[in-house]
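Visitor: Dropping a structure here in structure tokens format, bear with me for questions.
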Amino acid sequence: MANALKHFLDLDVIDKATLREILDLGAASKEADPSSRGDGPMVGKTLAMMFEKPSTRTRVSFEIGMRQLGGEVIVLSQNETQFGHGETIADTARVLSRFVDVIMLRTDDPQKLADLAEHATVPVINGLTDLSHPCQLMADVMTFEQHRGPIAGRTVAYSGDGNNVVNSLIHAATQFDFSLRLACPDSLRPDPAILRWAIESGADLTVTDDTLVAVEKADCVVTDTWVSMHNKAEDRVQLLTPYRVTEEVMGHAKDDALFMHCLPAHRGDEVVDEVIDGRWSVVWDEAENRLHAQKGILQWCLS
Ligand code: CP
Ligand code: NVA
């Protein structure tokens, strides 16, 4: 980090104790008396959200979270700003920093996020890149712990595309000390540098091409879309069909296993209705926890 700003860029560059502190802040916000909403710690502060890709959960949860903490929000979309029309990210960072107190960016290229953080003089939050989605994993850890207690020492299995969510899942497994078993086709494995980092950091990580091996006696089964916003469908559906999370797949996990999906789900592709609507699923709590976890992130960034 070039300066002392508290950027929330990725889970591998924030230490374990701080990540836990952020979750605790989020959990405290969740339990706070709703009557205190609107006069909280963000009074007089403004969050700018920049979107180069669509969003439902990230957009709404950050906006509502900031408002509940007493702050204000402005949303900048690529089409309506100079950022989408040739102004550099560095200049955008310098200008926005004169107006707002914290910036969230959803973009394709992780280098844009790094450039924003380098040139901003206010904290920057990663709202998803093609490479990672750390806010999602904070909500996922919060959701697991809400239902099953501490995640440390438990086993999480993922079946599907080795995408941005999985890269952050690998970071989370390492930082929150849970075992991770990934089932992905060989050609769709997660980012090799992130896998290497996890192994060097002592993560308990298994990568296989067999979903049933990955989910065997797992405490939680996770999947995500087969075609992320930056992907073309091409041959992905054929390649990923064996990785669909079905009732049979869930039958190999522990009897009380949870099912999670960051959403949006493509029902019938990566997960069947019987699972996402079934007894294992905590996907709506997971979506809600984006709000609470990000209230923790915002408070940490501006503390
Ligand atoms: N899970 C998630 O980030 O959803 P959105 O794309 O709707 O923000
Ligand atoms: N992997 C998905 C996550 C969406 C929240 C994507 O990047 O489209």
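Just so you know, all these numbers are worked out from the coordinates, no wet-lab data involved. Here the structure is a predicted model, which means the values were calculated and not measured. Note that each Cβ is placed from the backbone with ideal geometry, even for glycine, and that neighbours are counted across all protein chains shown.
Visitor: Suppose each label sits 7 Å from its Cα in the direction of the beta carbon; what would the GLU80-ALA17 distance come out to in nanometres?
Guide: Each label point lies 7 Å from its Cα, and together they span 4.3 nm.
Visitor: How much length, in nm to one decimal, is gained on full extension between ALA28 and ASN231, taken as 0.36 nm per residue of separation minus their Cα-Cα distance?
Guide: Details: separation 203, 0.36 × 203 = 73.08 nm, distance 3.72 nm.
The span from ALA28 to ASN231 would gain 69.4 nm if fully extended.
Visitor: Which angle between 0 and 90 degrees, to the nearest 10, do you get for helix 89-99 versus the longest principal axis of the chain when only C-alpha atoms count?
Guide: That helix lies at roughly 60 degrees to the long axis.
Visitor: Let me ask something else. Starting from the Kirkwood radius over alpha-carbon pairs of segment 43-131, derive D by Stokes-Einstein at 20 °C in a medium of 1.002 mPa s and give it in µm² s⁻¹. Walk me through the numbers on the way to the answer.
Guide: Values: Rh = 12.9 Å.
It diffuses with D of about 166 µm²/s by this estimate.
Visitor: Separate question: Quick check on segment 219-303: take the gyration tensor over C-alpha atoms, sort the square-rooted eigenvalues as a ≥ b ≥ c, and tell me if it's rounded (a/c under 1.5), prolate or oblate.
Guide: Working: a/c = 2.76, a/b = 1.37, b/c = 2.01.
Judged from the Cα gyration tensor, segment 219-303 comes out oblate (a/c at least 1.5, b/c at or above a/b).
Visitor: Going through the cross-link list LYS45/LYS295; LYS53/LYS295; LYS6/LYS295; LYS53/LYS112; LYS53/LYS232, which pairs have a Cα-Cα distance over 19 Å in this structure? Please report the intermediate quantities before stating the final value.
Guide: Values: LYS45/LYS295 13 Å; LYS53/LYS295 22 Å; LYS6/LYS295 14 Å; LYS53/LYS112 13 Å; LYS53/LYS232 15 Å.
From LYS45/LYS295; LYS53/LYS295; LYS6/LYS295; LYS53/LYS112; LYS53/LYS232, over 19 Å: LYS53/LYS295.
Visitor: Can you give the longest run of the chain that contains no GluC sites (Glu not before Pro) sitting in a DSSP loop with at most 16 other Cβ atoms inside 10 Å? Working shown, then result.
Guide: Details: sites that count: GLU87, GLU216, GLU234.
Here the longest segment lacking exposed loop sites spans 88-215.
Visitor: Between the alpha-carbon centers of segment 162-226 and segment 42-102, tell me the distance in whole angstrom.
Guide: That distance is 31 Å.
Visitor: Then there is this: When only Cα pairs under 8 Å and 6 or more residues apart are kept, what is the percent relative contact order across segment 1-128? Kindly include the intermediate steps, with their values, before the conclusion.
Guide: On the way: 182 pairs, mean separation 39.2, N = 128.
After rounding, I find 31 percent.
Visitor: What does the C-alpha gyration tensor say about the overall shape of the chain? Classify as rounded when a/c is under 1.5, otherwise prolate if a/b is larger than b/c, or oblate. Kindly include the intermediate steps, with their values, before the conclusion.
Guide: On the way: a/c = 1.76, a/b = 1.46, b/c = 1.21.
It comes out prolate by the Cα gyration axes.
Visitor: What is the spread of the Cα atoms of segment 1-101 along each of their three principal axes, largest first, in whole Å?
Guide: Principal extents (largest minus smallest coordinate, Cα): 44, 31, 26 Å.
Visitor: Quick one: grab the alpha carbon gyration tensor of segment 107-202, order the square roots of its eigenvalues as a ≥ b ≥ c, and give me rounded if a/c is under 1.5, else prolate or oblate depending on whether a/b is larger than b/c.
Guide: Details: a/c = 1.98, a/b = 1.34, b/c = 1.47.
Taking the square roots of the gyration eigenvalues as a ≥ b ≥ c, segment 107-202 is oblate.
Visitor: Which value at 222 nm does the chain reach when only helices count, each DSSP H run of 4 or more adding -39,500 (n - 2.57), with the total divided by all residues and rounded to the nearest 500 deg cm²/dmol? Show your work: numbers first, answer last.
Guide: Values: 12 runs with 124 residues, N = 303.
It comes out at -12000 deg cm²/dmol, rounded to the nearest 500.
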